[in-house]
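Asks: The structure's right below; bear with me while I get my questions together.
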4 protein chains.
Amino acid sequence: VGDLPSSEPLYYSDYLQLDRLLASQRLASAAGGQPVHDEMLFIIVHQAYELWFKQILWELDEVARLLAPARVAETAMLRMVARLERITEIQKLLIEQISVLETMTPLDFLEFRNFLIPASGFQSVQFRLIENRLGVRPEDRLKLAGNPYTAALSEDDRRRVEESETETSIFQLVEAWLERTPFLDFGDFHFWDIYRGAVKQLLEHDQRVVATNPNLSEPERQSQLASFTQTFALYEAVLDETKHKALVAAGERRLSHRAFQAALFINLYRDEPALQEPFRLLTLLMDIEQGFTTWRYRHALMTQRMIGRRVGTGGSAGAAYLTRSADRSRVFMDLFQLSTFMIPRSLLPPLPIEVERTMRFRFEEL
Amino acid sequence: VGDLPSSEPLYYSDYLQLDRLLASQRLASAAGGQPVHDEMLFIIVHQAYELWFKQILWELDEVARLLAPARVAETAMLRMVARLERITEIQKLLIEQISVLETMTPLDFLEFRNFLIPASGFQSVQFRLIENRLGVRPEDRLKLAGNPYTAALSEDDRRRVEESETETSIFQLVEAWLERTPFLDFGDFHFWDIYRGAVKQLLEHDQRVVATNPNLSEPERQSQLASFTQTFALYEAVLDETKHKALVAAGERRLSHRAFQAALFINLYRDEPALQEPFRLLTLLMDIEQGFTTWRYRHALMTQRMIGRRVGTGGSAGAAYLTRSADRSRVFMDLFQLSTFMIPRSLLPPLPIEVERTMRFRFEEL
Amino acid sequence: VGDLPSSEPLYYSDYLQLDRLLASQRLASAAGGQPVHDEMLFIIVHQAYELWFKQILWELDEVARLLAPARVAETAMLRMVARLERITEIQKLLIEQISVLETMTPLDFLEFRNFLIPASGFQSVQFRLIENRLGVRPEDRLKLAGNPYTAALSEDDRRRVEESETETSIFQLVEAWLERTPFLDFGDFHFWDIYRGAVKQLLEHDQRVVATNPNLSEPERQSQLASFTQTFALYEAVLDETKHKALVAAGERRLSHRAFQAALFINLYRDEPALQEPFRLLTLLMDIEQGFTTWRYRHALMTQRMIGRRVGTGGSAGAAYLTRSADRSRVFMDLFQLSTFMIPRSLLPPLPIEVERTMRFRFEEL
Amino acid sequence: VGDLPSSEPLYYSDYLQLDRLLASQRLASAAGGQPVHDEMLFIIVHQAYELWFKQILWELDEVARLLAPARVAETAMLRMVARLERITEIQKLLIEQISVLETMTPLDFLEFRNFLIPASGFQSVQFRLIENRLGVRPEDRLKLAGNPYTAALSEDDRRRVEESETETSIFQLVEAWLERTPFLDFGDFHFWDIYRGAVKQLLEHDQRVVATNPNLSEPERQSQLASFTQTFALYEAVLDETKHKALVAAGERRLSHRAFQAALFINLYRDEPALQEPFRLLTLLMDIEQGFTTWRYRHALMTQRMIGRRVGTGGSAGAAYLTRSADRSRVFMDLFQLSTFMIPRSLLPPLPIEVERTMRFRFEEL
């Protein structure tokens, strides 16, 4: 809590180091003798981005710390979730900031753009650290004009980013945590058997309805029956561990089969007390991914508007690059794919009482 | 436009001075040996505020520069308006940032709050400069625990803020610009006479309807007729320059009578080409005032939630202070009051052709 | 899950009843022969409000249902919290909608305003139902020009609103739920004794520091010591049940003493698994209150801007009424006041192991 | 302005037709005997969308009316711009509403999804009308499972949408208005010659610098010189009317050469009084396009999250369809491409005084 205040007064401006902070805006255009008004906005927006990136890293680091133990403390769940929620709030700012930057017109940008070459937003070390911390894989990185994504960085920065590639990512920590979920196999209860049974029952019922529906014309019936084959294949790919592994090898899925099962389990039984916070955690990971995806997209639109088909100051292909990059930087795609494999709760058999009990609080039986 | 890039590569991180920027977060709680996680957020949020305050000052300074000449260039109108519009976009960020800060709970704040004493948000020099630049008057400032609003600042900062009180404010520049509006009296045309006539006609018509409406009961009629007296008095206070001056002296109005007339004229005839941008300028001044008012209010709610009835770290009365302060810091209240005095356009006689012509473009008669 | 689709195609427009929905905008100004363009916006904004109010009531009703049992199901917590979270998302829309309405200028409003008299936004039945559902008390309602707040409603609507005053409010349900919190007294553990002890220790320590701090001047010391008296009184009022009841009687506090204790307990020990969702529930109640407060405030600002000091179409005192009303409509003020009484976690003795255990999951001891 | 109120009181709920509005939510899942809580949200969100679509059409219709005359009134510019600005504010709501819908989880959606088949969001007639009103061309429409985009509509609705394809679009009106810009050729002044000259000078200067820069290595020099060829070709395609027409024929550009010139002129000389509002109009058209593009993108992300790889209720390919559709629905792409062809203002020769004068106000020479 800290002691009572010392007699040395702490000034707001000293505490925030405002003398340095507010002296860190040097207009490149001023060097040419003609400072361009809008360059200040360009600098401030990017500096604000970097402040928020620092905060996001700060939060992700703590989440990683809390997720690291072989047994994640249940008392840490709320805190982890709160950290992730904070990141989603910050992301709203990041997106809003684009609207502020868009108050600069292309013609205004043109007045100082040449002074910036070859600096470019692609050189944000912190953003790369965030991506690596979350779990973007080096092999999923787009080349930047034939060079690795770190090429435009200074020596020191490159090293820092490359090191971060080797650290355990949030993705890996979450995957391991999911794999340890204790309820998937519990005594005689095996979630995967239950799930497989429910899927089978659902598809057979649907098929029967189509086969016998007197209101369908014959071509309609055939077409609908044909589409079941596709649906079966979709479920097969998730039910069968070998097929799942093949998808992972092909880069279409990333979570291990066990982790995927656990994520599905948590979604289907999220109302159980022990799964409420885990469910929120998974949801927030998707929210964060969606936040960055949206930000990248809005950023690409803005760049396109600002420089059209010109080449980006970093030598990139500009807007087109950004759009492609957005797709390659997704980490938790599997969580988004879960919805494909959900089945209505009413089709799931109730959990055995002893499984249910273990996910409840002790006090509930007082 | 700048020359082609020099051969020295300009790094993004150097350009933005990130080494300084990202090394300027020193947790006061770390001094006690136990850094508190959420203090980082507290620092980053306030630093981001300061960056944006710098940008707002940068924009206000240019607006002041463009408004300063005895004859404001018509070619400068779009730029001025764009600067003000940018400020309103930044204000949305300021307000959003409160939602980010609110992800810190009161209990988290309590962990490092004592380390900050007596620093406090009331010490933001830049925010005081913004207020003074806009036109908050020293005499409208609330005392802070009996002391002037600058008391908590360091020697240097106090001087800077006090100097800014003596500079010409945006309010004063706008008032002078309004007073110079050339169309209020133009040949035989006198806007104020036209307006007075229309008001008279409007009120007499309404009175007649009430007096003769067979559907009204006698008490209703009397009550409605009585309310006209109040309405008359309201209009009298604006029509009569002497009464207007009395209101100014009493602090209830701030714009000069002439400027008030011009603002009303611009609102009523805003579709005339020469008034389109002036109308937007007046609207944006209101938007900016509303933005700060809303921000102060949200800030007060947040403070109340964070510290309850505790005393603010700056020794202020906390939340209550903030609420009162919000009301005292309004500069363009007169513009908000204009709506009281508007009359439907259909009741206004058309402008004389020669007045209208002068507000049009030359090319329109090609 | 529903059967497979019937052969009757369900059209989007039929499902949404768009023929009725989109035929429900009748411009009052059209009756006068001259439809005013902006009246459409006025209607659409208010209709959108009413749609969202319906949704909010729908969510509140379910929350009330889930909170009603003598023992609230732990499996219902996530759902309740999700309902409340949804309301906060809707509130953001409500606030954003004001920005849309503000694209109408006062002069535009003036063109059709008279057609609306005496209809007014104060007549939204659904908003009154929301307030009553949450727990605004009839005795806290402001009179509207001397009349009860329901005066402007039609016969039927008035009856509906008055009935809602007698239903059990969310406030009452939450209070009862808090009072039943099983951990406040558990064997030898009595939270209130622990809390009282920690408060005493905290204040004595602070007092000692001030009394002996050699850096303080004598007047400073006296002033700071005097302020402790005030702090003591503040804590006394919460520690002593009789004083608390007096505050309730005086209308300064609303929650029962027991419920207040529980709310404090939940905040201080929120990391315990059994308190994580309860903590979120309390937080969301504050968020919702803050959402409505902010909305009312923004609405008041907008009204002031739109009609100035004119009288509202409903005959109210317009903007001033709205501001005052905002303060009177707060239901969960006590939750905001909790922060006044929080003490740093480091000062709290750890919970006895048997209390802690009961708030954990069964599986944790596997 | 309307007469004084009649003696018949106008109730808020009658004015807004709330009895119909609030009785238009019929849960399809209720038919199955088990109403699903979240279906209400689904209905309300879509109904709110439709209300706002109606408002957007209302605004677009007025813009079209004001743009229709052979000589657009200069006094109509502010109003047009205000209408477009209002649309951008509404679009923010549309995007926010996605966040509200996302409070529904995939599992919740699954509970009532089958009841909706085959209704689908693709059947919003009003959204199709908006697109056609703006100027999406029938030939740019994606097929929906091999069928025209109107296939899923009812007979009446299809006719309405198809008729709207034949009406003059905002795109066509804007193009014609741009083509009539009177300043492009004015006496001896020919904007296109000036522009061509400035481009030539710019490129030659840049080329010279590269050719003689001693800091460049020979390969760098060759690479940079080679990139000029590409740049030349880019400018050629816009400078040469024949090449421009070829691009139009190829579907890569849409505005006529003359209109493209005018749009560029307005951007470069936007500070001239007569161009200030035209500049804002062009900017707002881009804002609106960007608003819909962003909305479509967020909508696609949400769909992906909600249904994964399942097939959309309308039988579409779901999320993938939405993404592709977003690109095909752009109308004002040419305006976004303008930035490619801007040159710094400092390189433009000043306008001849007689051209400048004609774009100023009459009163400026008083």
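Asks: Would you mention how many residues in the range D:79-91 are at the interface with chain C (Cβ under 7 Å from one of its Cβ atoms) and farther than 16 Å from D:L282 by Cβ?
Replies: Summing the residues that are at the interface with chain C (Cβ under 7 Å from one of its Cβ atoms) and farther than 16 Å from D:L282 by Cβ in the range D:79-91 gives 3.
Asks: Also, I was wondering about something else. Which residue, of D:P214, D:P219, is open to solvent by 30 Å² or more (accessible area, probe 1.4 Å), outside any helix (DSSP H, G or I) and not charged (D, E, K, R)?
Replies: Every option except D:P214 fails the conditions.
Asks: Go through the residues of the range B:277-287 one by one and say whether even a single one is more than 10 Å from every other protein chain (Cβ to nearest Cβ) and charged (D, E, K, R).
Replies: There is no residue in the range B:277-287 that is more than 10 Å from every other protein chain (Cβ to nearest Cβ) and charged (D, E, K, R).
Asks: One residue is enough: does the range A:92-110 have a residue meeting the conditions closer than 20 Å to B:I87 by Cβ, touching a His at 6+ places or on another chain (Cβ under 9 Å) and of a type in the set (D, E)?
Replies: yes
Asks: Could you list, in sequence order, the residues of the range C:89-113 that are among the aromatic types (F, W, Y) and assigned to a loop (DSSP other than H, G, I, E, B)?
Replies: Within the range C:89-113, the subset among the aromatic types (F, W, Y) is C:109, C:112.
Result: C:F112, single match.
Asks: Starting from residues that are closer than 18 Å to D:R196 by Cβ and open to solvent by less than 60 Å² (accessible area, probe 1.4 Å), keep the ones in the range D:234-252 and report whichever is nearest to the other protein chains (Cβ to nearest Cβ).
Replies: Applying the filter and picking the extreme gives D:L234.
Asks: What is the one condition in (1) closer than 30 Å to C:M359 by Cβ; (2) without any contact (Cβ under 8 Å) to a residue 60 or more places away in the chain that A:S223 does not satisfy?
Replies: It is condition (1) that A:S223 fails.
Asks: Would you confirm whether or not the range B:138-157 contains a residue that is in contact with a helix residue (DSSP H, G or I) (Cβ under 8 Å, 6 or more places away or on another chain) and within 30 Å of D:E364 (Cβ to Cβ)?
Replies: No, the range B:138-157 contains no residue that is in contact with a helix residue (DSSP H, G or I) (Cβ under 8 Å, 6 or more places away or on another chain) and within 30 Å of D:E364 (Cβ to Cβ).
Asks: Right, here's the next one. Out of the residues in the range B:98-144 meeting the condition of being of a type in the set (G, A, S) and touching a residue at least 24 places away in the same chain (Cβ under 8 Å), tell me which one is most open to solvent (accessible area, probe 1.4 Å).
Replies: Among them, the one singled out is B:G121.
Asks: Determine, yes or no, whether C:L225 is open to solvent by 30 Å² or more (accessible area, probe 1.4 Å) and over 28 Å from the mean Cα position of the chain (by Cα).
Replies: Values: open to solvent by 30 Å² or more (accessible area, probe 1.4 Å): yes; over 28 Å from the mean Cα position of the chain (by Cα): yes.
In short, yes.
Asks: Return a yes/no flag: does the range A:262-272 have any residue that is crowded, with 21+ Cβ neighbours inside 10 Å, of a type outside the set (K, R) and modelled with pLDDT under 95.
Replies: No, there is no match, as no residue in the range A:262-272 is crowded, with 21+ Cβ neighbours inside 10 Å, of a type outside the set (K, R) and modelled with pLDDT under 95.
Asks: Right, something else. Note down all Cβ pairs under 8 Å where the first residue falls in the range A:282-302 and is within 24 Å of D:Q337 (Cβ to Cβ), the second is open to solvent by 10 Å² or more (accessible area, probe 1.4 Å) and not in a helix (DSSP H, G or I), and they're at least six residues apart or on different chains.
Replies: A:R296/A:S329; A:M302/A:E102
Asks: Now for a separate question. Being in contact (Cβ under 8 Å) with a residue 12 or more places away in the chain, within 11 Å of another protein chain (Cβ to nearest Cβ) and of a type in the set (G, A, S) narrows it down to one residue among D:A76, D:A152; which is it?
Replies: Working: D:A76 fails: in contact (Cβ under 8 Å) with a residue 12 or more places away in the chain.
Every option except D:A152 fails the conditions.
Asks: While we're here: Quick one: is B:L153 open to solvent by less than 50 Å² (accessible area, probe 1.4 Å), farther than 28 Å from B:I44 by Cβ, at pLDDT below 95 and of a type outside the set (K, R)?
Replies: no
Asks: Just need a number here: residues in the range B:226-250 that are in contact (Cβ under 8 Å) with a residue 60 or more places away in the chain and not in a helix (DSSP H, G or I).
Replies: From the range B:226-250, those in contact (Cβ under 8 Å) with a residue 60 or more places away in the chain are B:234-235, B:238; that's our starting set.
Keeping just the survivors that are not in a helix (DSSP H, G or I) gives none.
Residues meeting the conditions: 0.
Asks: Find the residue count for the range B:314-344, including only residues that are modelled with pLDDT of 85 or more, crowded, with 16+ Cβ neighbours inside 10 Å and either more than 8 Å from chain C (Cβ to nearest Cβ) or more than 30 Å from B:P148 (Cβ to Cβ) (or both).
Replies: In the first step, residues of the range B:314-344 are kept if they are modelled with pLDDT of 85 or more; the result is B:330-344.
When the remaining residues are screened for being crowded, with 16+ Cβ neighbours inside 10 Å, the result is B:330-332, B:334-344.
Going one step further and asking which of them are either more than 8 Å from chain C (Cβ to nearest Cβ) or more than 30 Å from B:P148 (Cβ to Cβ) (or both), we end up with B:330-332, B:334-335, B:338-344.
The total comes to 12.
Asks: Something else: Go through the range C:38-48 residue by residue and tally those that are open to solvent by 10 Å² or more (accessible area, probe 1.4 Å) and either under 19 Å from A:E277 (Cβ atoms) or more than 9 Å from chain D (Cβ to nearest Cβ) (or both).
Replies: Count: 1.
Asks: Let me ask something additional. Under the condition of being among the polar types (S, T, N, Q) and part of a helix (DSSP H, G or I), which residue from the range D:162-190 is most open to solvent (accessible area, probe 1.4 Å)? Outline the logic, then answer.
Replies: Step one: of the range D:162-190, the residues among the polar types (S, T, N, Q) are D:164, D:166, D:168-169, D:172, D:181.
Cutting the leftovers down to part of a helix (DSSP H, G or I) gives us D:164, D:166, D:172.
Working: D:S164: 11, D:T166: 114, D:Q172: 90 Å².
Per the criteria, the residue is D:T166.
Asks: In addition: Select from the range A:346-366 the residues that are under 22 Å from C:R180 (Cβ atoms), out of contact with any Lys or Arg (no Cβ under 8 Å at 6 or more places or on another chain) and assigned to a loop (DSSP other than H, G, I, E, B) and list them in ascending order.
Replies: Residue satisfying the conditions is A:L366 alone.
Asks: Check C:L107, C:L116 and return the single one that is closer than 30 Å to B:S346 by Cα and either within 7 Å of chain D (Cβ to nearest Cβ) or basic (K, R) (or both).
Replies: Exactly one residue qualifies, and that residue is C:L116.
Asks: Condition (residue is polar (S, T, N, Q) and in contact with a Leu (Cβ under 9 Å, 6 or more places away or on another chain)) applied to the range D:295-311: is it met by at least one residue? Write out each step before concluding.
Replies: From the range D:295-311, those polar (S, T, N, Q) are D:303-304; that's our starting set.
Retained after the next criterion (residues that are in contact with a Leu (Cβ under 9 Å, 6 or more places away or on another chain)): D:303-304.
Within the range D:295-311, one or more residues are polar (S, T, N, Q) and in contact with a Leu (Cβ under 9 Å, 6 or more places away or on another chain).
Asks: Could we say that B:T168 is touching a residue at least 40 places away in the same chain (Cβ under 8 Å) and among the hydroxyl-bearing types (S, T, Y) here?
Replies: Yes: the conditions hold for B:T168.
Asks: Residue by residue through the range D:80-97, note down the ones that are β-branched (V, I, T) and either within 21 Å of D:Q276 (Cα to Cα) or free of Cβ contacts under 8 Å to residues at least 40 places away in the same chain (or both).
Replies: Matches in the range D:80-97: D:V81, D:I87, D:T88, D:I90.
Asks: Looking at C:I130, C:I44, which is the one that is more than 17 Å from the chain's Cα centre (by Cα) and assigned to a helix (DSSP H, G or I)?
Replies: Result of the check over C:I130, C:I44: C:I44.
Asks: Looking at A:L94, A:L60 in this structure, which one is away from chain B (no Cβ under 11 Å), within 15 Å of the chain's Cα centre (by Cα) and buried (at least 18 other Cβ atoms within 10 Å of the Cβ)?
Replies: A:L60
Asks: Would you say C:Q123 is at the interface with chain D (Cβ under 9 Å from one of its Cβ atoms) and closer than 22 Å to C:R330 by Cα? Quick ask: steps written out before the conclusion?
Replies: Working: at the interface with chain D (Cβ under 9 Å from one of its Cβ atoms): yes; closer than 22 Å to C:R330 by Cα: yes.
In short, yes.
The values are calculated or read from the model by the stated rules, or taken from the named source; none is laboratory data. What you are looking at is a predicted structure, and each value in this text was computed from that prediction instead of being measured. When we count neighbours, we look across all protein chains shown, and the Cβ atoms used for this are built from the backbone with ideal geometry, even at glycine. Accessible surface is based on the protein model in full, side chains and every heavy atom, while ligands, DNA and RNA are left aside. Shrake-Rupley method; radii C 1.70, N 1.55, O 1.52, S 1.80 Å.
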